[in-house]
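Notes follow the structure.
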Amino acid sequence: MYNREMKIFRLSETLTTSPQLIIKDLSVLKKNDVDIVVCNRPDHESPEQTRFIDIATAAELLAMTP
């Protein structure tokens, strides 16, 4: 899961979706003009999943809204 290319699916001019995020994906999203990240998966759904608090903290460091 961690050695894969980030896939972004543009649903409209202002809405995109993607598979499960990892922290390094946030910089890819930022480069693609994504400013707000919505996480719909609960923590601990799968063992390799990044915790939401870690994604939120990384997003804030990139001036994104988690």
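Observations
- Candidates per chymotrypsin sites (Phe, Trp or Tyr not before Pro) in the chain, loop by DSSP, up to 13 other Cβ within 10 Å: 2
- Sites listed here are GluC sites (Glu not before Pro) in the chain whose DSSP assignment is loop and whose Cβ has at most 10 other Cβ atoms within 10 Å: 5, 13, 45, 48.
- Listed values for segment 33-47 are Karplus-derived 3J(HN,Hα) couplings in whole Hz (6.51 cos²θ - 1.76 cosθ + 1.60, θ = phi - 60°), namely 6, 8, 10, 10, 10, 10, 9, 9, 8, x, 4, 6, 5, 9, x, and x replaces Gly and Pro.
- Computed with a 1.4 Å probe over protein heavy atoms only, the accessible area of residue 61 comes to about 150 Å².
- Between the amide H of residue 37 and those of 65, distances stay under 5 Å, these residues lying 5 or more places away or on another chain, with hydrogens modeled in the peptide plane.
- Acute angle (nearest 10 degrees) that the helix 52-61 long axis makes with the longest principal axis of the chain, alpha-carbon atoms: 40 degrees
- Accessible area, probe 1.4 Å, largest first, for residues 25, 33: 33, 25
- Candidate aspartates and glutamates for bridging to residue 7, where Cα separation is under 19 Å - those fewer than 8 sequence places away on the same chain excluded: 25, 33, 35, 48
- Mean projection of the Cα convex hull over all viewing directions, computed for the chain: 4.3 nm².
- Solvent-accessible surface (1.4 angstrom probe) belonging to residue 41, in square angstrom, nearest 10: 80 Å²
- Amide hydrogen neighbours beyond the local backbone of residue 16, cut-off 5 Å, H modeled: 11
- For segment 26-65: relative contact order, % (alpha-carbon pairs under 8 angstrom, 6 or more apart): 55 percent
- The mean accessible area for residues of the chain, using a 1.4 Å probe and ignoring ligands and nucleic acids, is 73 Å² per residue.
The values are calculated or read from the model by the stated rules, or taken from the named source; none is laboratory data. Bear in mind the structure is a predicted one, so any value in this text is a computation, not a measurement. Note that we place each Cβ from the backbone using ideal geometry, even for glycine, and neighbour counts take in every protein chain shown. Accessible surface areas use protein heavy atoms only, side chains included; no ligands, DNA or RNA. Shrake-Rupley method; radii C 1.70, N 1.55, O 1.52, S 1.80 Å.
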